[in-house]
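The values are calculated or read from the model by the stated rules, or taken from the named source; none is laboratory data. Just so we're clear, the structure is a prediction, and the values are computed from it rather than from any experiment. Please note: Cβ atoms are built from the backbone with ideal geometry, for glycine as well, and neighbour counts cover all protein chains shown. Side chains are part of the model used for accessible areas, which takes the heavy atoms of the whole protein and leaves out ligands, DNA and RNA. Shrake-Rupley method; radii C 1.70, N 1.55, O 1.52, S 1.80 Å.
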Amino acid sequence: MERIATADTQASATPSGGPLADESGSVAPLDSGLLDAMPRQREVLDGAGELRFGTPTPAAVSVSASTPAVPGEPYVLTALRRVRPWRLLPTPTGTPFTFCYGVLLVVTSLVAQYADPTFVNELHQASSTDVTHLLRDPFLVLVASALWIVGGMVSPYAFLFLLVLTALERRIGGIRAAGVFLFGHIVATLATEGTVGIAVLVGHLPDSSLHRLDYGISFGVATSIGALSGLLRPWLGLPLITLFGWSLVTDLIAFTDPMTNWGHLISLTIGVATWPLIRRWARTARVNRAATVAGAARVEAAGA
């Protein structure tokens with residue numbers, strides 16, 4: 001069978017510069033924008049006004065905040081870029097428990113510094129967790145004794161309170177951080193004062209030890225340090241608990257206030273014993289924060 005060429009085939013075989021004549025001699029129009037058996041291409045005018053076919057251009061690459069760091073950048077520099085110093089201190093919205101408790105301690109410290117010494121001594125006596133007060137009104141004195149800082153806001157424990165409680169609350173939440181602090185404060189106080197009461201009963205200590213002045217936040221702070229060490233990376237948590245523990249042992253060897261020094265070691269041990277629990281709390285808090293961020297992103301995307 002003889003092959004029959006169509007007009008489009010003949011047009012595609014004709015040079016683009018000349019017209020196409022059919023058998024009758026008439027000139028067929030030239031369709032320069034068509035290729036045989038191919039869809040019409042995009043026609044673009046260049047700067048000189050000549051017709052040319054458009055070519056695909058490479059897509060623009062956008063650089064966002066999620067772009068990974070430059071390969072080969074030291075890990076330390078990458079970590080330093082994420083450091084936000086203001087997160088080391090408590091804030092009303094980020095760490096409400098530490099912030100409100102810190103404000104209360106500032107007030108009581110100012111009272112202890114500027115009020116009449118006799119009045120301050122009466123307040124300290126009424127807040128003391130000695131054996132006599134614990135037997136008479138344990139709940140009141142256990143709470144009241146945690147409202148004072150021995151040495152005021154210039155005490156090292158005041159500085160540790162702000163840093164440690166802020167870091168702990170950011171990881172496990174305000175209610176749980178308060179629970180860890182109060183648990184250590186109460187258990188260590190009962191352990192030390194209970195030992196004093198037993199020693200008085202057996203005759204190893206005089207009866208005046210039942211009225212021993214005891215107040216402050218150091219037991220709760222020591223427990224929080226022990227708990228926080230289990231949530232930090234080993235290169236930070238291990239030196240923290242080692243240095244603090246060594247300072248407590250040094251104070252105990254000095255034997256200036258053995259009952260308080262033993263209370264600090266008991267508090268630190270209590271904090272370490274809470275590691276399994278607080279690590280589970282920290283994982284739960286991270287999951288909840290991730291879910292909250294994802295939910296906010298979905299709502300924002302839906303609104304957009």
- Per residue, how many Å² of accessible area does the stretch 195-280 show with a 1.4 Å probe? 53 Å²
- Task: Normalising by the residue count of the stretch 100-218, find the relative contact order in percent from Cα pairs under 8 Å and 6+ residues apart.
- Result: 38 percent
- Round to a whole number: what % of the accessible area of the stretch 159-304 belongs to carbon and sulfur, probe 1.4 Å? 71 percent
- Message: Given axes a ≥ b ≥ c from the Cα gyration tensor, I'd like to know whether the stretch 129-189 is rounded (a/c under 1.5), prolate (a/b larger than b/c) or oblate.
- Response: oblate
- Item | Cα gyration tensor, the stretch 107-217 - rounded (a/c under 1.5), prolate or oblate | oblate
- Item | Residue-level accessible surface for ARG283, protein heavy atoms, 1.4 Å, Å² | 120 Å²
- Query: So how much accessible area does ASP251 have, in Å² to the nearest 10, using a 1.4 Å probe?
  - Reply: 70 Å²
- Message: So, R0 is 30 Å and r is the distance between the beta-carbons of ARG233 and VAL143; what FRET efficiency does that work out to, to 0.05?
- Response: 0.30
- Order by accessible surface, 1.4 Å probe, largest leading, for residues ARG298, ARG280, ARG176 comes to ARG298, ARG280, ARG176
- Query: Once the other residues with Cβ under 12 Å from the Cβ of THR192 are scored (Lys, Arg +1; Asp, Glu -1), what is the net sum?
  - Reply: -3
- Note on the structure: For ALA126, the net charge from surrounding residues (Cβ-Cβ under 12 Å; K, R +1; D, E -1) works out to -2
- Task: Before anything else, pin down the relative contact order of the stretch 198-304: Cα pairs under 8 Å, at least 6 apart, normalised by residue count, whole percent.
- Result: 30 percent
